[in-house]
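The values are calculated or read from the model by the stated rules, or taken from the named source; none is laboratory data. All figures in this text were calculated on a predicted structure; none of them were measured in a lab. In this analysis, Cβ positions are derived from the backbone assuming ideal geometry, glycine residues included, and neighbour counts consider all displayed protein chains.
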Amino acid sequence: MARVRTGGAKRWKDRSSIAGEAYVAGIQNPRVDWAQATAASAAAWGQGVQAAISNKSFEKGVQKAGSARQISRAVAVGRDRFIEGVNLGESAYSAGIAPYLQVIENLTLPPRYAKGDPRNLKRVEAVTVALRQKKLAGG
């Protein structure tokens, strides 16, 4: 019979806390290119997603975790990671949103009517349609 050692979580935490350099080295020198391997797994991903839908795995996981865990973990680790992520992602955000802002800037909107006039919804529709077309065209 196999024997399980105790204290695994503490060993994992202790060893992981000093493994930052090894983590970076692994990311920078992968055995297989991430983009190629990920693209090649598209069929398996789809099958896994369909199996998870059939098994209701998402709902089960949400119910198991519960709202209290989501809130406590988001507060405990999310605040600092959120701020750091935003700071690190500024240039990517700017580059990603630029094509959509250009679409909005180049739109000729229908005329504006009095406040509350339902014809004003045509202005919203024009923006929505143009942005959706841009997204479907690949940004």
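Inspection of segment 34-48 identifies no residue that is loosely packed, with under 10 Cβ neighbours inside 10 Å, over 23 Å from the mean Cα position of the chain (by Cα) and assigned to a helix (DSSP H, G or I). Among the residues of this structure, G96 counts as one that is among the small types (G, A, S), at negative phi and either touching a residue at least 24 places away in the same chain (Cβ under 8 Å) or out of contact with any Pro (no Cβ under 9 Å at 6 or more places or on another chain) (or both). Tell me, please, whether a residue that is assigned to a helix (DSSP H, G or I), under 27 Å from G139 (Cβ atoms), touching a residue at least 12 places away in the same chain (Cβ under 8 Å) and not assigned by TED's automatic domain parsing to the domain that holds T128 can be found in segment 81-90. Among the residues of segment 81-90, not one is assigned to a helix (DSSP H, G or I), under 27 Å from G139 (Cβ atoms), touching a residue at least 12 places away in the same chain (Cβ under 8 Å) and not assigned by TED's automatic domain parsing to the domain that holds T128, which makes the answer no. The condition of being over 28 Å from R132 (Cα atoms) and at pLDDT below 95 holds for only one of S67, S16, S54, that being S16.
Among the criteria (1) at pLDDT 95 or above; (2) not in a helix (DSSP H, G or I), the one R3 does not fulfil is (1).
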